Structures are given as structure tokens and as C-alpha cells.
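The structure appears right after this line, and notes come after that.
The values are calculated or read from the model by the stated rules, or taken from the named source; none is laboratory data. Because the structure is a prediction, the values reported are computed rather than measured. No Cβ is skipped: glycine too gets one built from the backbone with ideal geometry, and neighbour counts run over all protein chains shown. Keep in mind that these areas ignore ligands, DNA and RNA; they rest on the heavy atoms of the full protein, side chains included. Shrake-Rupley method; radii C 1.70, N 1.55, O 1.52, S 1.80 Å.
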Amino acid sequence: MIATHPLQPIHKHQEHLQQEDFETIFGEVPGTLFQKCQELVGRHDLRYDTLQGASRDQVLLRVLKTLGQDLEVAGTHRKQRWEDGWAENFSDFQRTGYDLGALVPKFVRPQEIIRLKGEYVRPVSPHFETSVVQILRCWMFQKWFQAVDHIYEFGCGTGHNLVDAAFLFPGRPLHGLDWSHSSQAILRLLREEHGLNVVGREFNMLEPDESFNLYPRSGVFTVGAMEQLGCQYHAFMNYLLRQRPSICIHVETLYELYDQSILFDYVAAKYLEKRKYLQGLLETLKTFEQEGRLEILATVRTFGSLYHDGYSMVIWKPVEEKN
Ligand SMILES: C[S@@+](CC[C@H](N)C(=O)[O-])C[C@H]1O[C@@H](n2cnc3c(N)ncnc32)[C@H](O)[C@@H]1O
């Protein structure tokens with residue numbers, strides 16, 4: 001008998017995400033995934049190993065040790081961090097001759113463990129997270145933004161999500177809002193160097209500028225930006241309700257979706273508490289729905305990086321949209 005080291009990964013067998021997996025995640029009928037998403041599934045390396053036994057324990061131990069440390073919490077004091085981070089992407093973008101790959105945020109860590117299907121998995125490709133996010137974006141834009149005339153991303157960072165929207169909907173006006181000036185500088189380059197129909201604008205989601213009006217028939221989305229507001233998302237939600245876009249998508253960690261009777265979810269919820277990330281959004285949306293102010297169209301739990309599921313989605317629309 002060959003002895004294996006107790007900490008060696010124990011593989012069931014290597015798995016890979018397939019079209020059916022995405023259909024299950026998105027709640028789509030088998031065989032109906034958008035053609036463009038199918039192409040992405042075919043093109044990307046989506047292989048991974050599910051960690052079991054000692055390997056899984058090792059990851060959980062690492063997560064628990066992190067939870068035991070002092071972690072930086074979200075809040076206005078971090079504005080400079082975002083400014084510096086996006087300034088780094090800005091110089092990479094210039095240095096590489098405006099390579100769109102330079103827009104991937106540095107917090108997306110290649111080679112890191114991923115949360116998927118209730119398990120910790122080790123992807124084969126270092127770009128697994130970015131690949132899956134690309135497929136999610138492809139699905140959500142096609143599913144929910146086909147009919148809108150303008151697209152707005154609040155807390156857009158480098159604008160890499162808007163770049164995908166630009167390729168899917170060539171020429172459609174795109175608006176990237178962020179409180180960081182470096183973000184707007186990158187968006188200017190996207191317009192000048194890549195000819196994308198995108199404009200950047202300064203916007204603080206904590207103190208929304210009520211004079212900034214959305215165009216009628218608009219689609220609004222956020223990715224990991226509400227996360228940074230902790231429990232202070234009410235002003236922004238009220239702004240959106242007053243602006244009455246056609247549809248809103250939040251790709252965010254959704255505290256209420258974690259089943260805290262399961263260790264895997266419990267540690268994710270604790271991570272959100274510890275970092276003062278988004279909590280309560282789903283409950284607030286449900287309350288607004290009961291009050292007849294909006295309709296929740298879907299909630300989708302997808303996957304996450306090591307500590308939490310940052311890419312869950314909630315999709316809603318105001319009861320009356322702006323004409
Ligand atoms: C985790 S990053 C996500 C960036 C981008 N959406 C993405 O998917 O890469 C969070 C973003 O939210 C922005 N942000 C945080 N708090 C904000 C606020 N109060 N108002 C506007 N933007 C904010 C940050 O500057 C940063 O660009």
C-alpha cells in the first residue's frame with residue numbers, strides 16, 4: 001500500500017464547470033444557456049479539485065485563523081486605499097499600451113482557493129475567478145440589460161465590468177461612477193484609447209448626489225461596491241428608488257443567504273461581520289417589496305473567493321420605472 005502524506009490533497013477526480021453547472025446556478029432550463037456564455041465556457045479553463053479531508057481542514061484552519069486576527073474594516077477611511085489601488089491599475093494600463101487585462105483588480109488573487117458548490121476548491125488555472133466572473137457578467141447583461149438604453153455601474157473601479165458590457169452592446173452609453181478619481185482617469189483612457197462609449201463621474205454612494213439624474217430606461221448594477229457600504233446603503237437605495245431605473249442588479253456578498261448552521265457558511269458570515277461588509281440588503285429589499293415599492297426578480301447564489309461568496313446576485317426593479 002502506498003502511504004500518502006496526511007496533508008496531501010485527496011482528489012475524488014478533477015472536475016470542471018460545464019454549461020449545465022451554469023444553467024443550474026442561474027436557474028435556466030437545461031440547454032438554454034446564452035450562446036455567448038456557452039462560448040466562454042468552452043474557451044476558459046474551468047477545471048478544479050474539490051478539497052477534502054485534511055486539505056479542506058487546512059483551508060478552514062486558515063480561514064479561522066484569519067477571523068481571529070484584526071482585519072481592516074470597510075468605511076470612508078478606506079477611500080485612499082481605493083484611490084491608490086486604482087492608480088496602480090491606471091499606470092499598469094498605460095505601461096502595457098492599454099491592455100485590458102491590466103484592469104483586473106489586484107484583490108482578485110490568482111492561485112487562491114475558491115468557494116464553489118458548498119466546497120472549497122483549488123482551481124487549475126490561476127485565472128479561474130476572472131473566468132467565472134466573465135461568464136456571470138455575460139449572463140447577467142444578456143438576461144437583464146438587453147432592453148435598457150443606458151447602463152450605469154456604481155462603484156465601478158477600473159471599469160472592467162463595463163468593458164464587457166461595451167463588447168456585448170457596442171455603442172450603448174455606459175456610465176461608470178466611483179468616488180475614486182483614478183477610476184475616472186481609467187475610464188477616460190477607455191474612451192480615448194479603445195473608443196468605448198463610456199463616461200466616468202465622481203459619485204459617493206454614502207451621500208448620493210440627488211442632482212445626478214439617470215436617463216429613462218436605464219440598467220444599474222454594482223459589483224462588490226455595496227459590500228463596502230456595510231449597513232449604510234439606505235441613502236443609496238433611496239436614491240435608486242427615486243431615480244426609478246428599469247432594472248438593478250447587485251453582484252454582492254449577501255449576508256442573509258448564508259446558512260449559519262453550516263460551518264462553511266458560518267465562517268463566511270463571520271468574515272462579513274468582522275470586516276463590516278454589507279449586511280441586511282436582502283431583508284431591506286424584501287421589506288420594500290412588501291411595501292409595494294419594488295419587485296425582486298431573482299436572487300442567485302454563485303461562488304466566491306476564499307472568505308465569502310462575493311458574487312451572489314439580487315435583481316430587482318422599482319414598481320414604476322422612469323419614462
Ligand atoms: C471591491 S471594489 C469593486 C470595484 C468594481 N465594481 C469591480 O467589480 O472590480 C469596490 C469599489 O467601490 C468603490 N466605493 C467604495 N465605497 C464607495 C462609495 N461610498 N461611493 C462610491 N464608490 C465607492 C471603491 O472605490 C471601489 O471602486
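Evaluate the charge dipole of segment 15-318 about its Cα centre and quote only its size in Debye, nearest 20, assuming +1 on the Cβ of each Lys and Arg and -1 on the Cβ of each Asp and Glu.
Dipole about the Cα centre, nearest 20: 160 debye.
Kirkwood Rh, Cα Rg: Rg to Rh for segment 187-251? My calculation of the ratio gives 0.99.
On the beta carbon distance between Thr24 and Lys322, with R0 = 35 Å, the FRET formula returns roughly 0.50. Full extension of the chain segment joining Leu60 with His181 gains 39.8 nm, where the gain is 0.36 nm per residue of separation less the Cα-Cα distance. A cut-off of 5 Å between modelled amide H atoms, ignoring neighbours fewer than 5 places along the same chain, links Leu33 with no other residue. Taking the Cα centre of segment 173-265 as reference, the dipole from Cβ charges on Lys and Arg (+1) and Asp and Glu (-1) amounts to some 480 debye. Taking amide H positions as modeled 1.01 Å from N, with prolines and chain starts lacking one, the residues under 5 Å from His175 and 5 or more places away or on another chain are Ile151, Tyr152, Glu153, Val199. As a fraction of the 1.4 Å probe accessible area of segment 15-318, surface on carbon and sulfur atoms comes out at 49 percent. Accessible surface area normalised per residue over the chain is 46 Å², counting heavy atoms of protein chains with a 1.4 Å rolling probe. Between amide H atoms placed 1.01 Å from N, distances below 5 Å from Tyr120 occur with Leu51, all of them 5 or more places distant or on a separate chain. In sequence order, segment 232-246 has phi-based couplings of 9, 9, 5, 4, 5, 4, 5, 4, 4, 5, 6, 7, 6, x, 5 Hz under the Karplus curve 6.51 cos²θ - 1.76 cosθ + 1.60, θ = phi - 60°, and Gly or Pro positions carry x. The alpha carbon radius of gyration of segment 15-318, expressed as a multiple of 2.2 N^0.38 Å, is 0.97.
Rolling a 1.4 Å probe over the protein heavy atoms leaves His181 with an accessible area of roughly 90 Å².
Take the Cα of Ser211, step 7 Å toward its Cβ, do the same at Phe264, and the gap between the two points is 5.1 nm. Among the chymotrypsin sites (Phe, Trp or Tyr not before Pro) within segment 15-119, those in coil by DSSP and having at most 10 neighbouring Cβ atoms inside 10 Å are Phe107.
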